[in-house]
Amino acid sequence: MIAREAGADARLPEIAAYGLGDLVFNLVWTTMLAYLVYFYTETSGIRADIAGLIVLFARVTNVVLDPLVGALVDRRAFGRKARPLLFWGAIPLALLLWLTFTTISADPMVRIVWAAVTYTGLCIAYSVANTPYGAMTTLISSDETVRGKLAVARMVGATIGMLVIGIVTLPLVDFLGDGDRSKGFSYVAALYGLLVAGGLFVTAGMCRERTGGDPVNASFGEIIRMLASNRAWIVITISMSLNIVGQTFLFGMTPYYVLRVLHRPDSDSGALLTVLNVLFLCGSAAALPLALRLGSKGALILGASVGALALLLLDALPQTLPATLSTIVVVGFFLGIAAPLSYVLLADSAESRGSQKVIAGVCYAANSAAGKISFGIGGYLMTLFLADGAHSAAWSAQRGFVEVSAVAFGVSGLVMFLYPRLAASAR
């Protein structure tokens, strides 16, 4: 059987609790995205190229780990596929977030080894908790409208999490560290870790699994064949992976862009991230109404394409904070439209037409693994820009923040033209 319902469908408190999960996951994700490389290079004193290799190596571990966690989700009994893993993964994730942003020695080699070990551990813990969370979009309900609400809820939660990171992180680092950013980052990461653990306990406690079918005991080869024959999953995974490369440059280059191009204090990067995330939230709210008119596929293509074009406008505008903020308003809104619809289409791809099996865990896990590898690749490429001695620091920051981000977002939208028409139909 493909799916079976267990009780009433998800109500507002449960949808809100699901959104809370992505809020606290983004306390981890956005901190890594926006400040990990910056922490390594500017606070821990690790060379940019070495920091890039650490990020890339840690993310490669997800190639194997994410699909294993996804297969575990699919093999578990109906109604208990994902939620228990959230309970088990909450505390390790919180602890490793703190350790990753804690410096233990003045010795450069010790710092490099510590960074590699702790960040790899953080990536593993993130996979164990986040993979089942993502699969829950499929498992909570089989109704497309409910899935859309869940996707929007997680985007709202994610955006709030990003806002928290953008607004308070560096000021809080300076306040708690009292001028010592090494201590400040450690204290802030510990605080975020407590919020992460508490939030995941709430999400796991309030959400229910109503669909997903019986345990899927397919072999690894059968799982690979199912994914390889699932065109909808392949297309949405490529699109989302390209989007993550764009996010890696857009968020990760923000402090450098503010410092080197706008010639402002790095704390002003919080203003850019705040505007970006507020408009991202507005775009997410507009996603479902727009999808009813254009279909999920059409609305996603529109959002990604217009967001990319708007970002390119920065090359033609004065290099000032007001001009940049004005452009980011448009960029954030249209990228916000695309984001929740990606998860709706990903959830659809787990129930491929003609299949008698729901492989929500594997579909999300393999998609997540591809995304994390893209994050690692994007992070490594970003460090190559930063370490580029052939051009000025301002040139590297400008090209990375604007051109690379825009191309990645634009191509992620264009790829969606290949998404199957039947799977992309709006409900």
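The values are calculated or read from the model by the stated rules, or taken from the named source; none is laboratory data. Please read all numbers here as calculations on a predicted model, not as lab measurements. Note that each Cβ is placed from the backbone with ideal geometry, even for glycine, and that neighbours are counted across all protein chains shown.
Points worth noting:
- When THR137, THR131 are screened for being under 27 Å from SER296 (Cβ atoms) and at pLDDT below 85, only THR137 passes.
- All positions within region 263-273 that are surrounded by fewer than 20 Cβ atoms within 10 Å (Cβ to Cβ), of a type outside the set (Asp, Glu) and in contact (Cβ under 8 Å) with a residue 12 or more places away in the chain: ARG264, SER267, ALA271
- Scanning region 169-194 for residues that are within 21 Å of the chain's Cα centre (by Cα) and either surrounded by fewer than 17 Cβ atoms within 10 Å (Cβ to Cβ) or without any contact (Cβ under 8 Å) to a residue 60 or more places away in the chain (or both) yields LEU191, LEU194.
- For region 34-90, a residue qualifies if it is of a type in the set (Lys, Arg) and either in contact with a strand residue (DSSP E or B) (Cβ under 6 Å, 6 or more places away or on another chain) or not in a loop (DSSP other than H, G, I, E, B) (or both), and the qualifying residues are ARG59, ARG75, ARG83.
- Among the residues listed as GLY148, GLY166, the single one being crowded, with 23+ Cβ neighbours inside 10 Å and more than 25 Å from ASN367 (Cα to Cα): GLY166
- Within region 394-413, restricting attention to residues that are among the aliphatic types (A, V, I, L, M) and surrounded by fewer than 20 Cβ atoms within 10 Å (Cβ to Cβ), the residue that is farthest from the chain's Cα centre (by Cα) is ALA394.
- Number of residues in region 375-395 that are in contact (Cβ under 8 Å) with a residue 12 or more places away in the chain and within 21 Å of PHE39 (Cβ to Cβ) equals 14.
- GLY205 being part of a helix (DSSP H, G or I) and either among the aromatic types (Phe, Trp, Tyr) or buried (at least 20 other Cβ atoms within 10 Å of the Cβ) (or both): no
- Test for VAL344: is it out of contact with any Pro (no Cβ under 9 Å at 6 or more places or on another chain), surrounded by fewer than 24 Cβ atoms within 10 Å (Cβ to Cβ) and at pLDDT 80 or above: no
- The conditions of being closer than 18 Å to TYR38 by Cα and touching a Ser or Thr at 6+ places or on another chain (Cβ under 6 Å) are not met by GLY70.
- Screening SER374, SER284 for residues that are at pLDDT below 90, assigned to a helix (DSSP H, G or I), among the polar types (S, T, N, Q) and under 17 Å from LYS149 (Cα atoms) leaves exactly one candidate, SER284.
- Positions within region 66-86 being more than 17 Å from VAL28 (Cβ to Cβ) and out of contact with any Asp or Glu (no Cβ under 9 Å at 6 or more places or on another chain), in sequence order: PRO67, LEU68, GLY70, ALA71, LEU72, VAL73, ASP74, ARG75, ARG76, PRO84
- Exactly one residue out of MET136, MET109, MET162 is in a helix (DSSP H, G or I) and closer than 26 Å to LEU273 by Cα, and it is MET162.
- Residue-level analysis places ILE165 among those that are farther than 30 Å from ASP74 by Cα and within 14 Å of the chain's Cα centre (by Cα).
- In region 263-311, of all residues being closer than 19 Å to LEU23 by Cα and among the polar types (S, T, N, Q), the one that is nearest to the chain's Cα centre (by Cα) corresponds to ASN277.
- Residue in region 225-246 that is farthest from the chain's Cα centre (by Cα), counting only those that are over 24 Å from VAL404 (Cβ atoms) and part of a helix (DSSP H, G or I): ARG225
- Filter pass, PHE39 being among the aromatic types (Phe, Trp, Tyr) and buried (at least 20 other Cβ atoms within 10 Å of the Cβ): yes
- Scan of region 303-330 for residues that are in contact (Cβ under 8 Å) with a residue 60 or more places away in the chain and either buried (at least 17 other Cβ atoms within 10 Å of the Cβ) or closer than 16 Å to PHE249 by Cβ (or both), ordered by number: GLY303, ALA304, SER305, GLY307, ALA308, LEU311, LEU312, LEU314, ASP315, THR324
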